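Below: the structure, in structure tokens.
The values are calculated or read from the model by the stated rules, or taken from the named source; none is laboratory data. Just so you know, these numbers come straight off a predicted model, no measurement behind them. Cβ sites come from the backbone with ideal geometry, for glycine too, and all protein chains shown count toward neighbours.
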Ligand code: ATP
Ligand code: MG
């Protein structure tokens, strides 16, 4: 199965991200991520078997035991790719605790021989794909207020023609 580890967004933050996404939907064409699918990826495992997902669960237990909530502070919008066909995301501040959590999740995966995408961790919440972002100011957008994330979840991703569906497999509380 296709798997990844992500922070779930706390309720108030998630509501405000959904509001921001709606506002952006008025400005940009694109395939917007459904609000219930918003998340912050910590490690993308890709294809993983039964034994590997079990190991990933153990890695989450090990990482998150004794770890407290981490701060989520929105820093602004960013894009990957071309302006006319971009992945549009909300950047999240590289808070030391967040960076440390991602590094420790990745370290525990490596310690168990699990492979993941090793691109540098850039904390973000993807809002839209294939987005056409207009040039210039985007107007008055309301960004989420800082909040604390308390749930780290191993998700299964099921790719479907109209976008991926995510199924939580295992959650650890911070
Ligand atoms: P789709 O690929 O159909 O657009 P998706 O990107 O939401 O949907 P996945 O590709 O399964 O679904 O990705 C799940 C999560 O992992 C997303 O947050 C995605 O940004 C992230 N991700 C996917 N591929 C990689 C990768 N190679 N490296 C890092 N993160 C990735
Ligand atoms: Mg993808």
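Things worth noting here:
- Just one of (1) within 16 Å of ligand 2 (Cβ to nearest atom); (2) surrounded by 13 or more Cβ atoms within 10 Å (Cβ to Cβ); (3) part of a strand (DSSP E or B) fails for residue 116. It is (3).
- Residue within the range 76-91 that is surrounded by 15 or more Cβ atoms within 10 Å (Cβ to Cβ), out of contact with any strand residue (DSSP E or B) (no Cβ under 9 Å at 6 or more places or on another chain) and without any contact (Cβ under 8 Å) to a residue 60 or more places away in the chain present: no
- Here residue 113 clears all of (1) within 23 Å of residue 98 (Cβ to Cβ); (2) touching a residue at least 12 places away in the same chain (Cβ under 8 Å) except the condition numbered (1).
- Cβ-Cβ under 7 Å pairs, at least 6 apart or on other chains, the range 134-162 side at pLDDT below 95, far side in a loop (DSSP other than H, G, I, E, B) and surrounded by 13 or more Cβ atoms within 10 Å (Cβ to Cβ): 134/28
- Residue list for the range 143-174, restricted to those being within 13 Å of ligand 1 (Cβ to nearest atom) and outside any strand (DSSP E or B): 161, 162
- The range 18-40 - residue that is surrounded by 19 or more Cβ atoms within 10 Å (Cβ to Cβ) and over 19 Å from residue 132 (Cα atoms) and, of those, farthest from the chain's Cα centre (by Cα): 38
- Which listed residue is under 16 Å from residue 172 (Cα atoms), in contact with a helix residue (DSSP H, G or I) (Cβ under 7 Å, 6 or more places away or on another chain) and outside any loop (DSSP other than H, G, I, E, B), from 58, 102, 43: 43
- Residue among 72, 101, 90, 60 that alone is within 24 Å of residue 148 (Cα to Cα), at pLDDT 95 or above and within 13 Å of ligand 1 (Cβ to nearest atom): 90
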